[in-house]
Amino acid sequence: MFIVYVLFKLKCTMYRIIVDLTITADEYIKRYQTVGAVVHTRSRDGRKVQFPAGILQPYVTHSGIQGTFQIEFDNLGKFQKITVL
C-alpha cells in the first residue's frame, strides 16, 4: 500500500516551465552542440532556468531553433519531456 502511494505521489509531482527560444543555427553549433552544454534562459514567469541543450536537438532546423517550449521535469529536477507549444 505504501509503495503505491509513493509512486502515485511521484507521478503527480511534475513541474513545468515555458520558455520562448530563438537560437540561430550558428549559435547552436558554437555554444550548444558540445556534450554537456547547458542552455541558460528565463521562463515566461521570469525565473532563471537552465536545462541540457541536447533536449532541443529534435527541434534544430537549418535556421536554428525558434518557438515556445514547455519543459517538464520531476520533483528532483530531472528532465522528463519537452513539447512545442
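The values are calculated or read from the model by the stated rules, or taken from the named source; none is laboratory data. For clarity, every value in this text was computed on a predicted model and none was experimentally measured. Methodologically, a virtual Cβ is constructed for each residue, glycine included, from the backbone with ideal geometry; neighbour enumeration extends over all protein chains shown.
Taking the condition part of a loop (DSSP other than H, G, I, E, B) and either farther than 20 Å from Phe73 by Cα or modelled with pLDDT of 95 or more (or both), does Val4 pass? Walk me through it before giving the result.
Numbers: part of a loop (DSSP other than H, G, I, E, B): no; either farther than 20 Å from Phe73 by Cα or modelled with pLDDT of 95 or more (or both): yes.
The answer is no for Val4.
Take Lys48 and decide whether it is modelled with pLDDT of 90 or more and over 22 Å from Asp74 (Cβ atoms). Write out each step before concluding.
Numbers: modelled with pLDDT of 90 or more: yes; over 22 Å from Asp74 (Cβ atoms): no.
No, not satisfied.
Looking at the stretch 39-85, which of its residues are under 10 Å from the mean Cα position of the chain (by Cα), among the β-branched types (Val, Ile, Thr) and surrounded by 12 or more Cβ atoms within 10 Å (Cβ to Cβ)?
Val39, Val49, Ile55, Ile71, Ile82
Go through (1) loosely packed, with under 12 Cβ neighbours inside 10 Å; (2) at pLDDT 90 or above; (3) assigned to a helix (DSSP H, G or I) and name the single condition Glu27 misses.
All conditions are met except number (1).
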